[in-house]
Structure formats: C-alpha cells, structure tokens
1. Can you tell me which lysines have their Cα less than 17 Å from the Cα of B:LYS113? Leave out same-chain residues fewer than eight positions away.
2. If you place +1 on the Cβ of every Lys and Arg and -1 on the Cβ of every Asp and Glu, how big does the dipole about the Cα centre of the protein assembly as shown come out, in debye to the nearest 20?
3. What are the membrane-span-like helices in chain B by this rule: whole DSSP H runs, Cα extent along the axis at least 30 Å, mean Kyte-Doolittle hydropathy at least 0.0?
4. Quote the relative contact order of chain B in percent (integer), defining contacts as alpha-carbon pairs under 8 Å separated by 6+ residues.
5. For the range B:95-302, just the Cα atoms, rotate onto the principal axes and tell me the three extents in Å, largest first.
6. Counting pairs on different chains as well as pairs 8 or more places apart, how many Lys pairs in chain A have Cα atoms under 30 Å apart?
7. Considering every residue in B:214-221, what mean count of other chain Cβ atoms within 10 Å of its Cβ is obtained?
8. Sorting check: for A:150-156, B:266-272, which peptide has the highest mean count of neighbouring beta carbons within 10 Å, and how do the rest follow?
Amino acid sequence: MSVAVKLEARRVAIKYRRQSTGLDLVAVDGVDLRIDDGEFVSIVGPSGCGKTTFLNAVDGLIAIESGALVLDGREIAAPGPDRAMVFQQPSLLPWRTVTGNVLYGLEMQHRGGEESRKTAARLIDLVGLEGFADSWPSELSGGMQQRVNLARALATDPELLLLDEPFAALDAQTRETMQQELLRIWGATRKTALFITHDITEAVYLADRVIVFTARPGRVKLDVRIDLPRPRDLRLKREARFIEYERTIWESIREEVLRTESRAQVA
Amino acid sequence: MSQQPPGNIDSGVVLDGSYLAASPTPAEAVALAPRGAARASAIRGHEPVIIGTVTVLLFFVVWQGIGLLRDRSPDGLALGPFLFVPPSQLFLPAPLDIAKAFQAYVQDGRIWKDVAVSGQELAIGYVAAAILGIILGLLVGWYARLRYALDPFITFLYATPRIVLLPLFIIWFGIGVESKIAVVFLGAIFAILINTTAGVRNLDANLVKVARSFGASDFQLFRTIALPGSVPFILTGLRLGIGHALTGVVVGELVAAQFGVGQMMAVAGATFQSSKVFAGLFLIAGAGMLMTFTLQRLEQRFQAWRPKPN
Ligand SMILES: Nc1ncnc2c1ncn2[C@@H]1O[C@H](COP(=O)(O)OP(=O)(O)OP(=O)(O)O)[C@@H](O)[C@H]1O
Ligand SMILES: [Mg+2]
C-alpha cells in the first residue's frame, strides 16, 4: 500500500514585483516536490533562495505565478485551517496571555469556546509551559515564546505544519532542547511537517527527508532520504551515518554558494 | 517586535517621570546598603513620593520666605555686595496670601458657580472630543478612502490654532458655556483623532501575517490586531488632549464669559488681585493633574501586558 501524497508542487514559480525598481524578481522557479502524509521534510538552501517565499505560498499568504501547488488534491488559493505556520519571529500578540495566544488561531477560525480552552491547556502542557498559561509574552524568554508560537500552530490541529526557521533566534542549548521537544511533539501528533532551517545538523536530525534548494531562483537541487531510526536522541548527531548525511548536504549547498559567487565575479 | 511607529512608541509612552525616578543610581544604592537591606528597600519603594514631596515643600517654604522677607525689610536685604529686593506683593504674592485669597473665594461662594461652569465646559467638551476623536480616528485609520477624503480638513484645522476660532464661536453660540464647549472640543479632538489614526495605521507586519495565516477576515484583523495595538496611541492622544482642553476653557473664559475660573482670573487680573489670579491658576493646575492621574490609572488597567521597567 502506498502512502497518500499530502502536498505536491509542480513547476512552481513565484515572482515579486519590486517596489524599488518596478522590475520582477523571480524568487523560486520550477519547484517540483511531493511530500507524503505524515512525513517530516526539512528544506535548506543558500540565503535568499526563496525558502520562505515557497513556504508562504504553501500557507496561502502569497500567490504563485505558474505551476501548481496542491494540498490533499486541492489547489492552494488562500490560507486555510488545514495549514498552520510557526513563524521565525514568535510574533505573539503582546496584549494576550499565553492562553489567549494559543487560542488565537481557533478564534479566527470561529472554533473558540469551552472545548478550545481545554485544547489550549493541553497544548500549553505539551510544549512544556505548565504554570505559564496566564503569563504575558513579555514575561517569557525567547525559547518560551517560541513554544507558544508552536502551540498556537498546533492548536488549530492542522494537516500540514509549516515551520520557518523557528529556532534560528535561540541559543545553541535552547535550540537543541527545542529540537528534542519538537521531535517528541511531532512523535505524538505525526503531522506532516515542512521545516525550513539554515542549520544542516538540525535539518538532518529532525527530518525524514532533507531538500536542498538551489540559489535564487530556488528549485529542488537535492532530495536526501534520512534513514535514521526514530525515536532519535542527541547522541545520534555524533554518529558516522549522521555526519555523512550532513557532509552530503553541506557539499551541495557549498556548490550553490560557490556557483553564485563566481557568477557575481563574472558580472 | 511589536509596536514600532514612526519613532519608537514604547519609549515614547513609557518614558515618563515615574519611570526615571524609579531606578536609583548605584551611588544611592551603596549609600543605603549599610543601614540594612529591609529598611533601604522600604525607603526606596517610596522614594519618588518622598523626594517629590520634599522638593515641593522646599519650593513653597522658599517662596513664603520671600514674602516674610518683604514684611521684615521691604527695602531689601544686603547679601555681601548684592542687594536682594523682594518683589512687591502685587508682583508675587506669597503662598499664604494666595491661600487667604482662595479662602475668601470659597467663603463668598463664587467658587462653586465658577467651578461648576468651567467643569461643565471641560467635561462636555473633552468627553465629546474623546468619544468622537476615537471613533473617527479608528475609521479614518482603517479606511484609506475616508482618510483621503478627510485629510485636508484635519490638516487644515490641526494647523490652525483652534483658539482663533473663538470670536466665531462667540458669534455663533454666544458668551455662555456653549462657545467654550466648542473651543474645548475642537482643541482636544485633533490630538486624540490624529494619535488614534496613527495607532490604527501602525500595524505590526508580523502580527498581520499571523492573523492572515490563520484566515482572519478584515474585521477580525481590525478587532484583534489594529484595535488593541492602537490603545497606547489613543491614551497618548487623550493625555495630550487634556492640555488642549484646559487651554480652551481658560482662554475661552478670558475672552468672554459670565462665570468660570478663567473668567474669575480675568477679572482678578484686570483689578490687580494677583493672589486671586494665582488661586485660579492652582485650581486649573489641580484639574489638569487630576485628569492626568485618572488617565494614568486607566493606562495601568489597559496595559497590564506591557513589560514593566526594571
Ligand atoms: N516582499 C518582497 N518583495 C520583493 N522581493 C522579495 C520579497 N520577499 C522576498 N523577496 C526576495 O525574494 C528572494 C527570496 O526571498 P526569501 O525570503 O524567500 O528567501 P529565503 O530563502 O527565505 O532566505 P533566508 O534563508 O535568508 O531566510 C530574495 O531575493 C528576496 O530579496
Ligand atoms: Mg527565510
């Protein structure tokens, strides 16, 4: 039996009209991608290659120029309750408590009410914020705010979880803790997840597959299946197989960076 | 970060006297430490009030001292090579003279009528300005077309010192409370309106993205992001509006009125009763401080989520 395809991108191109010059900028061009139900996929690539752009398009925040972006057999046209984004910045509403923030998505989707309060309480525990339900965001550390950001996305119970460098702003220790927490939570929910990061170790550690984007305009350059057993723990990062995966991906990104640098020198 | 308007609103709103006074310098902390931490912290908790009270008392003592000096040696006091001649009572009455004038003002009963009239002008004008200013500000901030339509009028009226409209208001509404209500209203509304508009327009792009990502409608975006985000701006507008409103009352009554604290001051000034003018001044200042204090209470209630200084 084959697993259902969750998300399919066919020759996706996305353009920006730049206000400064009035010219078009092609951010991604020809992204082909299939993600199965329940898969955890990491995307890495040189800075500015269009990862965030692609993720925003999957979320429905921006429109694609050409190609097709299909979720569960339907073309993506707008944001929907089947997707939820964990933003790079915690982006919490400062005037809402932790609970209020976790409930936010549900309220926007008219799914507030008694049941949702229980969901929020459960998720606050799940992300390890017991006792902080009534705290203001300004009273939380960066790592704690990122946990709320994650809980807020999980609260709407999406089919597809989109994460845009959610741990980029955290220090190394907090970051590893959050990686483990994310794996634990993901293990409990098994949502399909699309995870963007700059950190190759993080990409390999978390994912079933790591996808490398080319330099802008972004496109899939490499698609590596990570055959490492789950549940994973941090010792895995020291193992030879793990390091081998890291090296393959590192080489691939390096090649892209060098290619753009030489192109810049010629120009 | 949230809430970054043209200029940083966080610092703009939070930075007031109490914030500055609340953090002792290292030197003070060291000086207090040996006397026992418990006592030091008890003092430090009330430090802003204690220091403030002491300086105010000192101010009045010196002021009264000048009055006493005048009574003792009206020809002046030699301070080495300098001769200090105290100003005459007409020029600068002493605090006790002012208190006496105030007492007389209370006893002849005029004060109640004046305060009632001025209070009415202030309350009606200011409350109307607050309600209309906030509602209009929210609408103008949210609907760009409405903004384009009203911007010329708002800019014109905001650029005009509204007090110059007083002669017109007196022609239109007479010299009773109505003309003063109008000038208070117009004086206060623009600060409130313009700040509210700025608050609504100052949307945090990150939060807008969050709202959109969760499928928020325009109205939900307004209610959950724009409106709460504009509260600090609205409060700033309300606070600025107090000053404009008080100016409106006093100047309005100075120009033409039958009753009111400003009118009393105008008459007292014209008849060289400077103590009485000062009494009126303190009355007006008291009203302004009371309003500002009430507003600060409101701010604390509405902004529990704001990070506390220290
Ligand atoms: N709103 C925008 N308007 C115009 N151009 C944009 C806009 N957003 C992004 N771009 C351009 O699109 C390209 C891709 O941007 P994107 O943010 O998707 O890159 P990224 O891969 O997420 O980079 P990073 O890893 O640094 O976050 C960049 O060259 C960027 O300059
Ligand atoms: Mg990005």
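1. Answer for B:LYS113, where 17 Å is the Cα cut-off: B:LYS180, B:LYS276, listed by chain and number.
2. Details: 58 positive and 55 negative charges, 65 e Å.
Once rounded to the nearest 20, the dipole reads 320 debye.
3. Numbers: long enough: B:37-72 (47 Å, 0.81); B:110-142 (47 Å, 1.29); B:177-201 (36 Å, 1.47); B:227-255 (40 Å, 1.32); B:274-302 (42 Å, 0.71).
The answer, listed by residue number, is B:37-72, B:110-142, B:177-201, B:227-255, B:274-302.
4. Details: 325 pairs, mean separation 64.7, N = 310.
Relative contact order here is 21 percent.
5. Sorted from largest, the Cα extents of the range B:95-302 read 68, 38, 21 Å.
6. 16
7. Working: counts 17, 11, 6, 2, 0, 0, 4, 1.
Mean shielding by partner chains, rounded to a whole number: 5.
8. Working: A:150-156: 26.0, B:266-272: 13.7.
Per-residue Cβ counts within 10 Å, averaged per peptide and sorted highest first, yield A:150-156, B:266-272.
The numbers here are math on the coordinates, done by the rules we state, and not lab data. Everything quoted here is computed from the prediction, not taken from an experiment. We place every Cβ from the backbone using ideal geometry, glycine too, and count neighbours over all the protein chains shown.
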